[in-house]
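The values are calculated or read from the model by the stated rules, or taken from the named source; none is laboratory data. None of these values were measured; they are calculated from a predicted model. So basically every Cβ, Gly included, is an ideal-geometry build from the backbone, and we count neighbours across all protein chains shown. Each accessible area value is taken on the protein alone, full model and side chains, heavy atoms only, with ligands, DNA and RNA left out. Shrake-Rupley method; radii C 1.70, N 1.55, O 1.52, S 1.80 Å.
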Amino acid sequence: MRAVRSLALLLGTALLLSVTGMVPATATAHRQVGGLRLIVVKHSLLGTHTWYQQMLDGHPVLGGYLVRHVTAKTGAVTVDDGRAAIRGRVASKAVVSKTRAIGSAIAAVARNAGAPARADGSATLAVQPGGRARLVWDVFALAKGQSWEALVDATSGRVLSARSAVLFGGGPVGQVFSPNPVVDQQDESLTDQNNREIPDLDPSYRIVPLTHLDGSGYLHGDFATVILNPNAQAFAPNGRFVYTRNHREFEQTMAYYDVTTAETYIQSLGFTDVNNEPQDLRPDGVWYDNSFYSPHDDKITLGRGGVDDAEDEEVTWHEYGHAIQDDQVPNFGKNNSAGSIGEGFGDYWAFTMSQSDSPDTATTPLACIADWDSTSYTSGTPHCLRRVDTDHTYADYGPRKDVHLNGEIWSAALHDINLALGRDETNTIVLESQFSFTPKISFKKAAQRTVDAARALYGESAAQTCIQKFTARDITGLV
């Protein structure tokens, strides 16, 4: 877990705040609204954003939050009140033991995952809000290399839910693909060939500097750290992390380099409080062809099915996009609209990071995401996981559609703004606006807050450009 969040939670145990005076009177209409506990204070270019967890009888209310935004220039205060309604009497103590709850949760996770499951040591009492609010055990378990969350009624012992909790990438030097063999050689016919070291890929290797390392000899640094079993981690006391792709250390080196590059770029834009931490990384962490970010333990896992995902910078950068948003907005992506925005931002972040070193050609369009990784599961060319230049608009949005498909609406809008305003200006606007997002934000509200950030940072012309591009994507009513 992040050090800053751990500190905030320690402080929060002594800072259980009364709602009185914090928010407008209309916000206190919920029954048993409870108190607030400080989670984290975030600092952006335009202000300060203070997040609180909704509490009841000393237990966190799942999904309940309140955030207070203070504009640095004027001192103006706005509040997003995400506290959940709690109706009915809620037990203050558990009848079901923690041990029993964990056992029931593991069994449910194993059934749903279709694979063995085990506890990861995390089981806490919480309040599930709503019309039938209740005290629950919030249990996290591991299955198929992923984090799963199960809720167990603390009175009856009944498992209420069990679902995946991941979001579906002179000094030390490393050898990497940058950006990747397909783009580098402009050759869509290249294939993985079961991770073998083949001469066809030799021209794509690059020796790059590895910065921000802690000097331990491992890939541990200020912005990224590989957390595999020590016996499996790359270790180079001489600072030369030079491996070929048939060695597991190659993917570790790439993942470290890609995340460090992304965070270094973010800080070059002036942001010092956007995921400014050693991001945990598990390259080749699961055997199958998928990668994901787990908010529960703030971890990026990169799969090794097909092309090892860490061999494609854009897969790592997409997952890092989730880590960025989760750092800026605690528990971001709690409904379909916010989850879709999250997937769209991840694709956009992969695109914009590639702008620095990838050509935009007919063979490998810059808008095509993960064109090396996707050679393993696509047949047509160019090979793309997804694109950020589709013609999708908000008219295509469906609350029950896959978030990756819905996400192409958001990524396309950001792509259009990027082409109009430029890379750095757009990314500064986007990162600043996300400090004001909420866990269940709508497309329209997210777009408006992007427009607001553009106006505050760069003036009316930039704001109008954002409005035009969002409107073209059928996200209307912006001012």
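The stretch 372-430 to the stretch 215-261: how many Å between their Cα centroids?
Each part reduced to its Cα centre gives a spacing of 30 Å.
Could you list, bin by bin from short to long, the percent of Cα-Cα pairs of the stretch 339-421 in 10 Å steps?
Histogram of Cα-Cα distances, whole percents per bin: 19, 50, 28, 3.
Taking a threshold of 25 Å on the Cα-Cα distance, which of the pairs 334/401; 93/334; 73/440; 401/444; 144/334 fall above it?
From 334/401; 93/334; 73/440; 401/444; 144/334, over 25 Å: 93/334; 73/440.
Expressed in nm to one decimal, what extension gain is obtained for the pair residue 216 and residue 231 from 0.36 nm per residue of sequence separation less their Cα-Cα distance?
Between residue 216 and residue 231, full extension yields 4.0 nm more.
Tell me which GluC sites (Glu not before Pro) from the stretch 378-446 have a DSSP coil assignment and no more than 11 other beta carbons within 10 Å of their own.
none
If packing is taken as the mean number of other Cβ atoms within 10 Å per residue, what is the order of 338-348, 452-462, 190-200, 410-420, highest first?
Descending packing order for the listed peptides: 338-348, 410-420, 452-462, 190-200.
Whole number in Å², please: accessible area per residue of the chain, 1.4 Å probe, ligands, DNA and RNA not counted.
That works out to 40 Å² for each residue.
How many percent of the alpha carbon pairs in the stretch 217-327 exceed a separation of 19 Å?
When all Cα pairs of the stretch 217-327 are counted, 39 percent exceed 19 Å.
Counting only helical runs of four or more DSSP H residues, what would the 222 nm mean residue ellipticity of the chain come to if each run contributes -39,500 (n - 2.57) and the total is spread over all its residues?
-10000 deg cm²/dmol
Project the alpha carbons of the chain onto their principal axes and report the range along each, largest first, in whole Å.
68, 55, 43
Which net charge results when you count Lys and Arg as +1 and Asp and Glu as -1 among the other residues whose beta-carbon is under 9 Å from that of residue 296?
Net charge in that neighbourhood comes out at -3.
For the chain, list the cysteines whose Cβ sits under 4.7 Å from no other cysteine Cβ?
466
Under 14 Å from the Cβ of residue 412, count the other residues' Cβ atoms, weight Lys and Arg +1, Asp and Glu -1, and hand me the total.
Taking every Cβ under 14 Å from that of residue 412, the sum is -4.
Report the extension gain between residue 155 and residue 100 in nm, rounded to one decimal, defined as 0.36 nm multiplied by the number of residues separating them, less their alpha carbon distance.
18.7 nm
How charged is the neighbourhood of residue 173? Take every other residue with its Cβ under 11 Å from the Cβ of residue 173, and add Lys/Arg as +1 and Asp/Glu as -1.
+2
Leaving ligands, DNA and RNA out of it, report the carbon-plus-sulfur percent of the accessible area of the chain at a 1.4 Å probe.
52
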